[in-house]
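Visitor: Take a look at this one; I'll ask things after.
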Amino acid sequence: MILLWLTAMVPQSKPPPCDLMTQTCSSPTSAQMTLLFSSFVLISLGAGGVRPCSLAFGADQLDRRDNPKNVRVLESFFGWYYASAAISVLIALTGIVYIQDQFGYRVGFGVPAILMLLSALVFFLASPFYLKQQASKSLLTGFVQVIIVAYKNRNLTFPLPNSTASYHHKRDSNVVAPTDKLRFLNKACIIKNPEQDIALDGSAANPWSLCTVEQVEELKALIKVLPLWSTGIIMSINLSQNSFPVLQASSMDRHLTKKFQIPAGSYGMFNIISLALWVIFYDRAILPMASKIKGKPVRIGVKLRMGIGLFLTCIAMVVSAIVENARRKEAIRSGFQNNPTAVVKMSAMWLVPQFCLNGFAEAFTAIGQTEFFYSELPKSMSSIAAALFGLGLAVANVLASVVVSIIDDITSKGGKESWVSSNINKGRIDNYYWVLAILSFINLFYY
């Protein structure tokens, strides 16, 4: 954030202003671009460390797996975590953007930098008061070791069913033999020669020749959740549709009053607002009321919540297609087919339902997936469990670009107007939404 702030504070860190008389602009130098990109890289690395680990770290403070009430505690924690994250994004895209707009980027970049500094300071001051799990090994290295050793031992025969001494496991471990699922991986922890394979302290003499039962089961647990993880990718593709709604809103009546109109890029806030409101309403009103009526604790199962979210994102795409079809017909009826910037006599508030539906979908599926991963994976993999949804979101953003490119190539053949044309009145964004709706329904059946 400090490097990004410097791009606004130091005149030499950016190209000079454009010459308005000659309409010429100087390109940034390599050093200026390096400074800018370095700030983006550091922000990305920092976010990659903070986001998954802060969720896992918070859950570590509350995780009492021997307590039957712990499931409800974790469900509430994950919900409030996402609600607070949504509210922070709302503040960033309203308050911080307002500061940047009113006071310039020197102040606009300086405020987040100071807030980040305060955050780091509070983190170090509060650190002694928390429970901290010590990292003992690299999980990713362990996964690679299991795969390589299982391949090396592929010709070994499996021990007899009750011969647990043939498998290598940690001292005082409750898991002395691997499960039968994905059985081929079990060969990674078979002890071939105890004298050569096991060191004096009981560990493997060579971790690349013998793994523990725990390593094998951790990899199995990760593989086991990947199919359900993949079902969230289509929903994340739907959530990443930011540019087309902005074009739609720009061509619609955005006035709330005669003098005030909502910026076209701000309609995405309805997604975040609906997510935060639903989490608060669900945790503080729906569940307590349902529990009071039934006379016992009530909670919606995590898999059911994920399914509800995937269904809602299907409906969101259907609504998006219907609204865009109506908007396009109105634009053509008004003679604006060749003028995508013209404003049609249709309120942009018609876009709000699709954003709200996607917000509810994210509240159900994102929170449900994170809770599911955290409960299914071993405690040692809690940070990976928290990172899986973010990884799916990243994959979805890449795939979203691929989907748009494929549709653009197919629909623009023969000189035809592409469905995803920049002229949304000539294009058929409604058909593009129907494609996403169909993919979402297929994904729901896959789930």
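Visitor: Can you name the number of the only condition in (1) under 21 Å from the mean Cα position of the chain (by Cα); (2) open to solvent by less than 50 Å² (accessible area, probe 1.4 Å); (3) more than 25 Å from Leu93 (Cβ to Cβ) that Lys303 fails?
Guide: (2)
Visitor: Now, a different point. Checking the structure you have, find out if any residue of segment 187-210 is under 26 Å from Ile91 (Cα atoms), outside any helix (DSSP H, G or I) and either among the hydrophobic types (A, V, I, L, M, F, W, C) or open to solvent by less than 40 Å² (accessible area, probe 1.4 Å) (or both). Spell out the reasoning first.
Guide: Applying the first criterion (under 26 Å from Ile91 (Cα atoms)) to segment 187-210 yields none.
No, every residue in segment 187-210 fails to be under 26 Å from Ile91 (Cα atoms), outside any helix (DSSP H, G or I) and either among the hydrophobic types (A, V, I, L, M, F, W, C) or open to solvent by less than 40 Å² (accessible area, probe 1.4 Å) (or both).
Visitor: Determine if segment 75-85 includes at least one residue that is of a type outside the set (A, V, I, L, M) and in contact with a Phe, Trp or Tyr (Cβ under 9 Å, 6 or more places away or on another chain). Can you show your working first?
Guide: Of segment 75-85, the ones of a type outside the set (A, V, I, L, M) are 75-82, 84.
Then keep just the ones that are in contact with a Phe, Trp or Tyr (Cβ under 9 Å, 6 or more places away or on another chain); that gives 78-79.
Yes, that holds for at least one residue.
Visitor: Test Ile280 against the stated conditions and say whether it is open to solvent by 30 Å² or more (accessible area, probe 1.4 Å) and either among the hydroxyl-bearing types (Ser, Thr, Tyr) or outside any helix (DSSP H, G or I) (or both).
Guide: On the way: open to solvent by 30 Å² or more (accessible area, probe 1.4 Å): yes; either among the hydroxyl-bearing types (Ser, Thr, Tyr) or outside any helix (DSSP H, G or I) (or both): no.
So Ile280 does not fit the description; no.
Visitor: Evaluate segment 399-412: report whether one residue or more is more than 18 Å from the chain's Cα centre (by Cα), free of Cβ contacts under 8 Å to residues at least 12 places away in the same chain and assigned to a loop (DSSP other than H, G, I, E, B).
Guide: Yes, because at least one residue in segment 399-412 is more than 18 Å from the chain's Cα centre (by Cα), free of Cβ contacts under 8 Å to residues at least 12 places away in the same chain and assigned to a loop (DSSP other than H, G, I, E, B).
Visitor: For a quick check of your reading of the model, give me the residue pairs whose first member lies in segment 420-447 and is of a type in the set (Phe, Trp, Tyr), whose second is open to solvent by 70 Å² or more (accessible area, probe 1.4 Å) and outside any helix (DSSP H, G or I), with beta-carbon atoms closer than 6 Å and at least 6 apart or on different chains.
Guide: Close Cβ pairs (under 6 Å, with a partner that is open to solvent by 70 Å² or more (accessible area, probe 1.4 Å) and outside any helix (DSSP H, G or I)) amount to Tyr432/Trp419.
Visitor: I would also like to ask the following. Do the conditions hold for Phe40, that is, is it open to solvent by less than 70 Å² (accessible area, probe 1.4 Å), within 30 Å of Ala363 (Cα to Cα) and not assigned by the TED database to the domain that holds Leu277?
Guide: Against the criterion (open to solvent by less than 70 Å² (accessible area, probe 1.4 Å), within 30 Å of Ala363 (Cα to Cα) and not assigned by the TED database to the domain that holds Leu277), Phe40 does not qualify.
Visitor: Also, I was wondering about something else. Would you confirm whether any residue within segment 72-81 is assigned to a helix (DSSP H, G or I), closer than 24 Å to Ala385 by Cβ, open to solvent by less than 50 Å² (accessible area, probe 1.4 Å) and at pLDDT 85 or above?
Guide: no
Visitor: So, of the residues in segment 87-113 that are free of Cβ contacts under 8 Å to residues at least 60 places away in the same chain and under 13 Å from Leu6 (Cα atoms), which turns out to be surrounded by the most Cβ atoms within 10 Å (Cβ to Cβ)?
Guide: Residue satisfying both the conditions and the ranking: Val111.
Visitor: Quick check: is even one residue across segment 141-151 open to solvent by less than 40 Å² (accessible area, probe 1.4 Å), of a type outside the set (Val, Ile, Thr) and either touching a Lys or Arg at 6+ places or on another chain (Cβ under 9 Å) or part of a loop (DSSP other than H, G, I, E, B) (or both)?
Guide: Taking segment 141-151 as the starting set, the residues that turn out to be open to solvent by less than 40 Å² (accessible area, probe 1.4 Å) are 142-143, 145-146, 149-150.
Within this subset, residues satisfying the condition of being of a type outside the set (Val, Ile, Thr) are 142-143, 145, 150.
With either touching a Lys or Arg at 6+ places or on another chain (Cβ under 9 Å) or part of a loop (DSSP other than H, G, I, E, B) (or both) added as a condition, the list becomes 150.
Taking every residue of segment 141-151 in turn, at least one turns out to be open to solvent by less than 40 Å² (accessible area, probe 1.4 Å), of a type outside the set (Val, Ile, Thr) and either touching a Lys or Arg at 6+ places or on another chain (Cβ under 9 Å) or part of a loop (DSSP other than H, G, I, E, B) (or both).
Visitor: Which of (1) part of a loop (DSSP other than H, G, I, E, B); (2) open to solvent by less than 90 Å² (accessible area, probe 1.4 Å) is the odd one out, the single condition Gln133 does not satisfy?
Guide: (2)
Visitor: Checking the conditions here, which among Ser127, Ser138 is under 30 Å from Leu210 (Cα atoms) and small (Gly, Ala, Ser)?
Guide: Matching residue, one of Ser127, Ser138: Ser138.
Visitor: Go through Pro161, Pro128 for me and flag whichever is open to solvent by 80 Å² or more (accessible area, probe 1.4 Å), out of contact with any Lys or Arg (no Cβ under 9 Å at 6 or more places or on another chain) and not in a helix (DSSP H, G or I).
Guide: Pro161
Visitor: Let me ask something else about it. Testing Gln32 on (1) surrounded by fewer than 13 Cβ atoms within 10 Å (Cβ to Cβ); (2) of a type in the set (S, T, N, Q); (3) in contact with a helix residue (DSSP H, G or I) (Cβ under 8 Å, 6 or more places away or on another chain), one condition comes back false. Which one is that?
Guide: That leaves (1) as the condition not met.
Visitor: Report yes if some residue within segment 213-222 is open to solvent by 50 Å² or more (accessible area, probe 1.4 Å), over 30 Å from Cys314 (Cβ atoms) and either out of contact with any Pro (no Cβ under 9 Å at 6 or more places or on another chain) or at pLDDT below 90 (or both); otherwise report no.
Guide: no
Visitor: Restricting attention to segment 323-340, which residues are surrounded by fewer than 16 Cβ atoms within 10 Å (Cβ to Cβ) and either at negative phi or touching a residue at least 40 places away in the same chain (Cβ under 8 Å) (or both)?
Guide: So the first thing to find is which residues in segment 323-340 are surrounded by fewer than 16 Cβ atoms within 10 Å (Cβ to Cβ), and the list is 326, 329, 332-335, 337-339.
The answer is Ala326, Lys329, Ile332, Arg333, Ser334, Gln337, Asn338, Asn339.
The values are calculated or read from the model by the stated rules, or taken from the named source; none is laboratory data. Because the structure is predicted, anything quoted here is derived from the model rather than measured. Backbone-built Cβ (ideal geometry, glycine too); neighbour counts: all protein chains shown. Note: areas computed on protein heavy atoms with side chains; ligands, DNA, RNA excluded. Shrake-Rupley method; radii C 1.70, N 1.55, O 1.52, S 1.80 Å.
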